[in-house]
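Q: Following this message is one structure expressed as structure tokens.
The values are calculated or read from the model by the stated rules, or taken from the named source; none is laboratory data. Nothing here was measured: the structure is a model prediction, and the numbers come from that model. When we count neighbours, we look across all protein chains shown, and the Cβ atoms used for this are built from the backbone with ideal geometry, even at glycine.
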Amino acid sequence: MNIDIIRSKIENIKGKKYSFRFNGNRNQVEEFNGIITNTYPSIFVIHSSEDKVRTFSYNDIITSSLEIMDVKNG
């Protein structure tokens with residue numbers, strides 16, 4: 001997938017609440033809800049529901065380190 005396409009898709013969902021799954025180091029998986037608040041040429045910023053600010057690169061999506069999903073109801 002092209003990084004320009006990913007940037008465009010991220011820009012389109014900016015400001016909406018989503019669920020995220022981050023596959024970090026040493027097989028640690030972290031799931032959280034949040035809102036993409038800012039986008040920049042190389043990174044984007046997520047404010048999580050735990051009041052944490054997290055930054056990710058568009059490459060995190062290309063490498064499947066970060067997954068973006070609709071918020072689960074219930």
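Q: Report the residue count in the range 65-74 for those that are under 11 Å from the mean Cα position of the chain (by Cα) and either β-branched (Val, Ile, Thr) or in a strand (DSSP E or B) (or both).
A: Here the count works out to 4.
Q: Let me ask something else. Of all residues in the range 18-31, which are under 11 Å from residue 69 (Cβ atoms) and either surrounded by 12 or more Cβ atoms within 10 Å (Cβ to Cβ) or in contact (Cβ under 8 Å) with a residue 60 or more places away in the chain (or both)?
A: Let us first name the residues in the range 18-31 that are under 11 Å from residue 69 (Cβ atoms), namely 18-21, 31.
18, 19, 20, 21, listed by residue number.
Q: Between 19, 8, which is in a strand (DSSP E or B) and of a type in the set (S, T, N, Q)?
A: Of 19, 8, the one residue that is in a strand (DSSP E or B) and of a type in the set (S, T, N, Q) is 19.
Q: Does residue 26 satisfy being touching a helix residue (DSSP H, G or I) at 6+ places or on another chain (Cβ under 9 Å), of a type outside the set (S, T, N, Q) and not in a strand (DSSP E or B)?
A: Judged against the criteria, residue 26 is not a match.
Q: Filter the range 55-74 for residues that are more than 12 Å from residue 10 (Cα to Cα) and free of Cβ contacts under 8 Å to residues at least 24 places away in the same chain; which is surrounded by the most Cβ atoms within 10 Å (Cβ to Cβ)?
A: 55
Q: Condition (residue is of a type in the set (Val, Ile, Thr) and touching a residue at least 24 places away in the same chain (Cβ under 8 Å)) applied to the range 33-41: is it met by at least one residue?
A: yes
Q: Within the range 43-64, work out how many residues are outside any strand (DSSP E or B), more than 9 Å from the chain's Cα centre (by Cα) and either modelled with pLDDT of 95 or more or of a type outside the set (Gly, Ala, Ser) (or both).
A: Count: 6.
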